[in-house]
Amino acid sequence: MEFKISKDLIQELEQHIVNKNDRELESLLNDMHHADIAEVLDELDFDEATYIFKLLDSEKTAEILLELEDDLRENILSRLSAKEIAEELDELDTDDAADIIAELSQSKKEEVISELEDLEHAKDIIDLLRYDEDTAGGLMGKELVKVNENWNVLTCVKEMRAQAENVSRVHSIYVVDDENRLKGRLSLKDLLTTSTKAQISDIYIKNVTSVSVDAEDVEVARIMQKYDLEAIPVIDAMGRLVGRITIDDIIDVIREEADKDYQLAAGISQDVEADDSIIELTKARLPWLVLALLGGFITVRVLGLFEGAMLEHGKLFFFTPLIAAMAGNVGVQSSAIIVQGLANDTLSGSLFNRLIKEISLSLLNGTILAVILFLGSYLLLDEPLIMGFVICCALISVIVIASLIGTFVPLLLDKFGVDPALATGPFITTSNDICGILIYFSIAKLILGF
């Protein structure tokens, strides 16, 4: 059952902190999952959260650190000595420890690393800090189980037992040669059902999916999703096994990428959260609002070009919001499908065939909507036949053009290395609004002859 924070629990914790009832606090928290404790600490004020954090043993608080909100973790780390932070990191896997150290100042990093008791652990952390956080090297951990292809099964089992002591979860057994180059993977079933004298080189599986240490994190996520992997080995330029990435790290990447794309689609150009300052939120939102405002000015200018039409056929103006809204909605629908396909790498076929398919789809949808609109125009128009015909022709044209823009723009952005999620936000809606209005009145002028 999922843990839920209650007011009673928070009040009870606060009362124990005030009264210094450390034993009661430990008893209350020891049976809770570290993620739940992190959630509780986020609800307390900074001093109370720090008090509880220092009360618990490092084996538990190390995992809690990873779950805390960034601001609270930064504040707690600032209250801990280099030795206390090192004690926390000694309990963590190398990838998680490297993430924590990366948040510290350079001087504090050096102090913490010098306090680490496990020298091999410290060496691995230092190695991981060399990589960009958005690459496979920045995601990977050093903890894994590997065996040499020249060993027999008996030697392999002995070595695996020794290695597994430092690995919290054994997802895969990797096979390497004498130069530590990745050769394949070993099936646990084959290991258990094969003679102890058999050579690993005779039973290992040569087909293994791996990623380069310099691969982008989103590419790693795509590969692991495609092949439904719980872990993936990481190799360097020479094919040597240097680490592995587990599914928990990839879930974080997928969530962060989804958040980023959602914000871009909403017209927010920076990574911000609801609790950020007004200045930060304004910097993230204002650029696209300015773009929308400029687009509005252009729309006003376009309407001004057809002032005579609105004076002569005033009811054309009533349908302007409808045409603009349909253009924006159709464009967003088309671009969302393309952006999703680009993100999942599921787009296939030529651009020409995709555009033909989009035109066919938009013609069908446009025709159905135009029929509905034509029937509804009898309620609003004095000359429903000619005026209704004008509006319906404009609607079909606008839907076709908007769908083409929605399809072509994200593909173009992706080709030039720009995040195509931009195409699902104010950029596409504003441009389609302008095009929609221009097409609408141009068709009206052509048919009505004003």
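Data overview
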quantity: Filtered residues of segment 276-299 (kept if more than 14 Å from residue 428 (Cα to Cα), at pLDDT below 80 and of a type outside the set (A, V, I, L, M)); calculated: 276, 277, 280, 282, 283, 285, 287
quantity: Given (1) modelled with pLDDT under 80; (2) within 21 Å of the chain's Cα centre (by Cα), number of the condition residue 449 does not satisfy; calculated: (2)
quantity: Single condition residue 42 does not satisfy, out of (1) modelled with pLDDT of 85 or more; (2) in a helix (DSSP H, G or I); (3) closer than 25 Å to residue 131 by Cα; (4) within 25 Å of the chain's Cα centre (by Cα); calculated: (3)
quantity: Output for segment 275-319, where each listed residue is open to solvent by less than 40 Å² (accessible area, probe 1.4 Å) and within 23 Å of residue 71 (Cβ to Cβ); calculated: 281, 284
quantity: From 12, 24, 48, residue being part of a helix (DSSP H, G or I) and under 30 Å from residue 107 (Cα atoms); calculated: 48
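The values are calculated or read from the model by the stated rules, or taken from the named source; none is laboratory data. Small disclaimer: the values here were computed from a predicted structure and weren't measured. Note: ideal-geometry Cβ built from the backbone for every residue, glycine included; neighbour counts use all protein chains shown. Ligands, DNA and RNA are excluded from the accessible area calculation, which covers all protein heavy atoms including side chains. Shrake-Rupley method; radii C 1.70, N 1.55, O 1.52, S 1.80 Å.
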